[in-house]
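The values are calculated or read from the model by the stated rules, or taken from the named source; none is laboratory data. All values reported here derive from a predicted model rather than from experimental measurement. FYI the Cβ positions are ideal-geometry reconstructions off the backbone, even for glycines, and counts take in every protein chain you see. We work out accessible area using only protein heavy atoms, side chains counted, and drop any ligands, DNA or RNA first. Shrake-Rupley method; radii C 1.70, N 1.55, O 1.52, S 1.80 Å.
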Protein chains: 4
Amino acid sequence: MMEVSGKKLKQYIEELEQLEERRFQIIEETKEVLADAKGEGFDIKIIKKVLQIRRMKPEQFSEQEALLQTYIDALLDTD
Amino acid sequence: MMEVSGKKLKQYIEELEQLEERRFQIIEETKEVLADAKGEGFDIKIIKKVLQIRRMKPEQFSEQEALLQTYIDALLDTD
Amino acid sequence: MMEVSGKKLKQYIEELEQLEERRFQIIEETKEVLADAKGEGFDIKIIKKVLQIRRMKPEQFSEQEALLQTYIDALLDTD
Amino acid sequence: MMEVSGKKLKQYIEELEQLEERRFQIIEETKEVLADAKGEGFDIKIIKKVLQIRRMKPEQFSEQEALLQTYIDALLDTD
């Protein structure tokens, strides 16, 4: 069996546990913001779609919407 | 905008919908088997571990367990 | 430690392994259909959006699109 | 269509984008730590198992291991 440096391993483990802890905090904070938004009457599913769109470049979004419409039309013509 | 063959697109869409349908059926059947097993007193988490282990070759599992023990011991020596 | 019926456990394990096997086959078939569609020039991301839309009732989709537009307009008015 | 406060919506959207940004940073940092550990010869899969075990109470882990062994033995007795 290989020689394992417990000191290095411990350091990695602890770094990963701190990152995990921070990740859980962010998940909790996100849930709270979403619950707040829902409480104010916003639709969470639509908010997530807005976030998705804002991540894209405007021309990327237009191209995607145009292609989606092309596919939907092509299907309707076939039905 | 590109020319789109509605006929081909429809074929792909319908194949994907049938695959999705079959996938959902399998998910449902799996839930039922797990619920049955739970009803008989089995621990689902442990059953999943058994499935994981059975997917491995025996020597692969032993190696993994040995390495895990090595890491745990190295950490204990450092604490 | 509880008494465990190996026979029952084996039956559950084997049922779950068969379901898993079938699930993997479906995942493989799906990948093949998507690769085929891509080879024919279709955009997989858009195909997945079409599938999503077809899962919804038409009025559900229109409402969702209208609300999305309302949110986007509200954001634009604020910027 | 409902009245939507663009100001409130914008505030939620921006909070969510900041949380998402922080989440991506953590994912990047985690990848770096794992790559470092791998570079030092550590097995990432085993490190993840160590993290899983450390999340459990010691008695919880022993119970789980004992039950796993019981299930494996029961299966072996049946084969």
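Structural remarks
- Nearest 10 degrees, 0 to 90: helix D:6-39 Cα axis against chain D principal axis: 40
- Charge dipole of chain C about the Cα centre (unit charges at C-beta), most positive-ward option of C:33, C:56, C:71: C:33
- Förster radius 45 Å - calculated FRET efficiency between residue A:77 and residue B:76, Cβ distance, rounded to 0.05: 0.05
- Remark: accessible area buried at the B-C interface is about 3000 Å², both chains counted, probe radius 1.4 Å.
- Remark: the stretch B:5-79 carries a charge dipole of roughly 480 debye about the Cα centre, counting +1 on each Lys and Arg Cβ and -1 on each Asp and Glu Cβ.
- Residue D:30 paired with residue A:36, simple spin-label distance in nm, labels 7 Å along Cα-to-beta-carbon: 2.4
- Positive minus negative residues near residue D:46 (Lys, Arg vs Asp, Glu; Cβ under 12 Å): +1
- Per-residue [θ]222 nm for chain B (sum of -39500 (n - 2.57) over DSSP H runs n ≥ 4, rounded to 500): -29500 deg cm²/dmol
- Legend: calculated FRET efficiency, residue A:59 to residue C:51, from the Cβ-Cβ distance at R0 = 25 Å, rounded to 0.05, equals 0.55.
- Pairs of lysines in chain B (C-alpha under 26 Å apart; 8 or more residues apart or interchain): 8
- Inter-copy spacing of residue B:17 label points, which lie 7 Å from Cα along Cα→Cβ, given in nm from shortest upward: 3.7, 3.7, 5.2
- Inter-copy spacing of residue D:40 label points, which lie 7 Å from Cα along Cα→Cβ, given in nm from shortest upward: 4.4, 4.6, 5.2
- For residue C:64, label point 7 Å along C-beta direction: distances to other copies, nm: 1.4, 3.6, 3.7
- Per residue, the convex hull volume that the Cα atoms of the protein assembly as shown enclose (Å³): 212
- Note, ³J(HN,Hα) from phi for the stretch C:68-77, Karplus 6.51, -1.76, 1.60, rounded to Hz, x at Gly and Pro: 4, 5, 4, 5, 4, 4, 4, 5, 5, 5
- Shielding by other protein chains, D:68-76, mean Cβ within 10 Å: 6
- Rounded to the nearest whole Hz, the Karplus-based 3J(HN,Hα) values (6.51 cos²θ - 1.76 cosθ + 1.60, θ = phi - 60°) of the stretch C:55-61 follow the sequence 6, 8, 6, x, 5, 5, 5, with x at glycine and proline.
- In a fully extended conformation the segment linking residue C:66 and residue C:20 would gain 12.5 nm over its present Cα-Cα distance, using 0.36 nm per residue.
- Accessible area (Å², per residue) of the protein assembly as shown, counting only protein heavy atoms and a probe of 1.4 Å: 64
- Percent accessible area from carbon and sulfur atoms, the stretch A:1-41, protein chains only, probe 1.4 Å: 46
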